[in-house]
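Student: Have a look at this one before I ask anything.
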Amino acid sequence: MPMNWHLVAIVSLTWLVCANGANNWAQLAGERAQNTATPYTPEQWQNNMWPGRWGHAIVVFNQSITRSYLTEEENSERAQGANPVVVLLGGDDSLPNVNAAMKSGLNTGKLRNDVWIGELASGSQASWQVDDRYFVDDKLFNPQLIRSQMTWREATPGRIAPATWLSGPRLSEPLSNDEWIACQDSIMDKMDYTLLLLDPTFCDEPPQFCYEDMNIPGCHAQGIWKKDNMWSPRRGHGAVVANDKIVVIGGRAREYTRLKNNMLVGGLGSQKRIETVREHSTIREEQVLKNDIWDSDDGVNWKLVNPGCRDPQEDVLLQTEVWSRNISDSQMTKLVGSAGSKCYKSSECYGVAECKVLGDNTREKVCVCPMFSPRENHAVAIQHRFAVQDDGSVISQDVIYVVGGFINVKQAFCANSSCGPSDGYKLAMDDAWMSSDGGVTWIQIKKAFGNNNNAFIGRGGHKAVVVEDRLMIFGGETFNPVARHTTYLNDVWQVPLPTEPCCEGCAAYESCLPNYADWNMLTSNAEWRERSGHTVVYEPPSSNNAFRHRVYLMGGKNATDIFSDVWTWGLDPDDKWNNDVQLETSNSSEKQANVAFVSVTSPLSKLKRFYLPLVGTDGQLSNFTSHVSRSFVDLNDLDVMAAVGVKTVGDLVSADLYTILKLRGFDYPGRTVTAVPNLCLLREVAISLVKKCSVIREPTNLQVDDGWKIGNLQTESESKSTLCGVGEGTKPCERGDWDGCSPIPDVSIVDVFGLGDVDVPQLLHNVSSIIQETFCLQIPGSRYMGAAEFIDSKVVVMGGIGLGDMILHRDSWTRDEQNPKAVITTKPKSHSPQFQ
């Protein structure tokens, strides 16, 4: 009687710390791009999910934070009881390259301010559901075995200002975003009540009937709109969770703005100067850089914490304004622009800007921003400070950090002041700021324009995280506006941080601030290549990772490439970064950590067979005996194949007729070749592996980039045409007629052009048992300007731009640190005939 043991290969649902570093990725949501598990697919289940996008931000809400006064074990235990959610905020659902957008059909997108909430599971920490149906009726492996439990819901589709006034004496007149949010508490007392808000009493809480009809006398639109106000659609913004609130910071926004009077003139040459009639519309929708701060405790209702400024910060004005510096000083930059708005009092400046005199060569006052200038692609990070008092009580404080980013400086001059187009030139900033009161006030902890040779370089598209008592900054790109040249970076910086809570605003105590002299570069050339637009996640020590600190760096781009690699680092400055998982190339020299998984770009040496432990003398499986892996390909055979350019699984699949026959031992007369035994068996394994790891999808403009370019692979058998090389008027076989391995019915020998008679294999190898033991390497795919977070003990990455700027990702992936397992579903009784 045959044995009745069924082995089913699935991904283990128990988190393991793998000694051999068997790291892979699993898809949680989006159009299916792998075969191991079924992701949350909105179209299939008729549920919602955000559109593909880039430049968005994500935060984790309701997650237990690491407390410095607790042990690692205590922090780990606290994290087990949390039920966190991931919150996605805004972004851009159009491609940045206009030509690419036209080709892909993604030229109708826009900046967004929608908010989405995702959950890995409901009421538990399990991210996956396992069916009890291991096989379908035809005995094939059930692809529905593992299903993602992630779900998404739209908290708000976003809200923007109406294009025109909807009621009152200004009915149908154009409405600006500034007028729409004029009743926010943080801005009401910082402006003159003339243009934006005629009367502060308009902001009083209106009666309920005004929400039903704002045209009723006594109802004022701006007071009614106050509850609807939120941050404008944007990308390149930052977001953190501080004081149990979601905080959105700056970015490039889309708003209805009122044009300045000096832009409303006409007339060319000797023509008379013409000014636009004031009653005409002077509002248009523009993209503007912002430094406003908004917060929310639910993602739906938002409050303007800090309106920010339109004008630059002081050190930017001093560096770029010709009227505020000695223009004869050859050491000063030749770049000029961005004149601060002239003013007489601070209420004439927008937001929190202050009216003051700058420089020694003028008495004129200008508006100066007391916080960081409006910017995009800056890095934000959050530090949670704690202190235990003598009576055992705990004081906590959340500190927000903003580092670098890109600002705009105007170029042209009008008399002695700069003016010109609003976009100007891009300037990479090297400053840093902190706030201990949720973004209301800001303290500059690093001045801009450092001139030290080893100074932190101005940059954007970088990432920053707080790791216990230090701020860490990774890579990015800098820009030289004179040469108009972008330089990509792969440096790592560290800034020691105070850990004790202090006064709100931190202005009174130097001990609350990082020391400017303590900005230390750990390396100028990390193991990962230069890049920007990458994501960085910090994993705190816990029972799930053997209480290790780890930082993950994923994706990004430089001038030539979009990356799909993942790197990990243990925080020790002497440690190197490890290539956690990537698609290998034939000339890849990095040590690969994902040894248990194979892809189409894997070296042929990674094709292995795995043997389970033997049964012990007591009749039980040897549970503590490690499995054995043996290479499927001999080392000498690897050298033979490499000599003809066949180094990877994909190379063998796409090899042409003459390459296959040469490896089988057939070559042009007079040439000596070394045959590779069982080459056709090995090729069938490679073809079956590609089929197993490929996902067949209907063509779509919004494809998920699997990073493998499997669609470019073609086997010779796929292009086979007519019968060849069998005499009776048939022509000799050539490339495209036969693949060199597939059996031909009733044919044992064929004539190949240039080679003569060649044996035809008579059997098609059954490689199903080998393929069952092979696990596909799965990665999120190449991307940049996506977002990543650490949630529920998992690294999660979502969205971004990929595939040569041609696609937008609409997906969520999680790093899977689990070894593949064999699950025994049916087992014979001990010492039964079946057992023997």
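Student: Mind telling me which of the residues 48, 107, 113 ends up being open to solvent by 60 Å² or more (accessible area, probe 1.4 Å), at pLDDT 75 or above and within 26 Å of residue 154 (Cα to Cα)?
Tutor: After applying the criteria, what remains is 48.
Student: Then there is this: Is it the case, given these coordinates, that residue 216 is free of Cβ contacts under 8 Å to residues at least 60 places away in the same chain and over 30 Å from residue 56 (Cβ atoms)?
Tutor: Spelling it out, residue 216 is indeed free of Cβ contacts under 8 Å to residues at least 60 places away in the same chain and over 30 Å from residue 56 (Cβ atoms).
Student: Out of (1) farther than 20 Å from residue 386 by Cα; (2) modelled with pLDDT under 90; (3) open to solvent by less than 30 Å² (accessible area, probe 1.4 Å); (4) not acidic (Asp, Glu), the odd one out for residue 75 is which?
Tutor: (1)
Student: List the residue pairs whose Cβ atoms are under 6 Å apart, where the first residue sits in the stretch 426-437 and is in contact (Cβ under 8 Å) with a residue 12 or more places away in the chain, the second is among the basic types (Lys, Arg) and open to solvent by less than 10 Å² (accessible area, probe 1.4 Å), and the two are 6 or more positions apart or on different chains.
Tutor: Pairs found: 428/459; 431/446; 432/446.
Student: Right, here's the next one. Taking the stretch 210-253 as the region of interest, how many residues are open to solvent by 20 Å² or more (accessible area, probe 1.4 Å) and more than 22 Å from residue 162 (Cα to Cα)?
Tutor: Final tally of qualifying residues: 4.
Student: Examine the stretch 529-547 for a residue that is of a type outside the set (Lys, Arg), open to solvent by 30 Å² or more (accessible area, probe 1.4 Å), under 27 Å from residue 426 (Cβ atoms) and modelled with pLDDT of 95 or more, and state whether such a residue exists.
Tutor: yes
Matching residues to (1) modelled with pLDDT under 65; (2) open to solvent by less than 10 Å² (accessible area, probe 1.4 Å); (3) out of contact with any helix residue (DSSP H, G or I) (no Cβ under 9 Å at 6 or more places or on another chain):
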| position | (1), (2), (3) |
| --- | --- |
| 325 | yes, no, no |
| 337 | yes, yes, no |
| 352 | no, no, no |
| 362 | no, no, no |
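Student: Which pairs turn up if I take residues in the stretch 283-306 that are over 19 Å from residue 187 (Cα atoms) and look for partners that are open to solvent by less than 30 Å² (accessible area, probe 1.4 Å) and outside any strand (DSSP E or B) with beta carbon separation below 9 Å, at least 6 apart in sequence or on another chain?
Tutor: Pairs found: 283/175; 283/176; 300/230.
Student: Take the conditions open to solvent by 20 Å² or more (accessible area, probe 1.4 Å) and either at pLDDT 80 or above or aliphatic (A, V, I, L, M) (or both) and apply them to residue 318. Does it pass?
Tutor: yes
Student: Considering (1) out of contact with any Ser or Thr (no Cβ under 6 Å at 6 or more places or on another chain); (2) at pLDDT 80 or above; (3) part of a loop (DSSP other than H, G, I, E, B), say which one residue 700 fails and leave the rest.
Tutor: (2)
Student: Sticking with this structure for a sec: Answer yes or no: is there a residue in the stretch 771-781 that is β-branched (Val, Ile, Thr), open to solvent by less than 10 Å² (accessible area, probe 1.4 Å) and not in a loop (DSSP other than H, G, I, E, B).
Tutor: No, the stretch 771-781 contains no residue that is β-branched (Val, Ile, Thr), open to solvent by less than 10 Å² (accessible area, probe 1.4 Å) and not in a loop (DSSP other than H, G, I, E, B).
Student: Exactly one of (1) in a strand (DSSP E or B); (2) modelled with pLDDT under 90 is unmet by residue 455. Its number?
Tutor: Unmet condition: (1).
Student: Now for a different question. So residue 228 ticks every box in (1) in contact with a helix residue (DSSP H, G or I) (Cβ under 8 Å, 6 or more places away or on another chain); (2) part of a loop (DSSP other than H, G, I, E, B) but one. Which box is left unticked?
Tutor: It is condition (1) that residue 228 fails.
Student: Using the structure shown, decide if residue 764 is under 22 Å from residue 690 (Cα atoms), modelled with pLDDT under 85 and open to solvent by less than 10 Å² (accessible area, probe 1.4 Å).
Tutor: no
Student: Within the stretch 638-682, count every residue that is within 20 Å of residue 755 (Cβ to Cβ), small (Gly, Ala, Ser) and open to solvent by less than 30 Å² (accessible area, probe 1.4 Å).
Tutor: Going through the stretch 638-682 one residue at a time, the tally reaches 1.
Student: Looking only at the stretch 782-811, which residues are part of a strand (DSSP E or B) and under 10 Å from the mean Cα position of the chain (by Cα)?
Tutor: 784, 787, 788, 789, 796, 797, 798, 799, 800, 801, 809
Student: Examine the stretch 171-181 for a residue that is closer than 23 Å to residue 256 by Cα, exposed (fewer than 15 other Cβ atoms within 10 Å of the Cβ) and among the β-branched types (Val, Ile, Thr), and state whether such a residue exists.
Tutor: no
The values are calculated or read from the model by the stated rules, or taken from the named source; none is laboratory data. Being a predicted model, the structure only gives us computed values, none of them experimental. Virtual Cβ from ideal backbone geometry, glycine too; neighbours counted across all protein chains shown. The accessibility values were calculated without ligands, DNA or RNA, using every heavy atom of the protein model including side chains. Shrake-Rupley method; radii C 1.70, N 1.55, O 1.52, S 1.80 Å.
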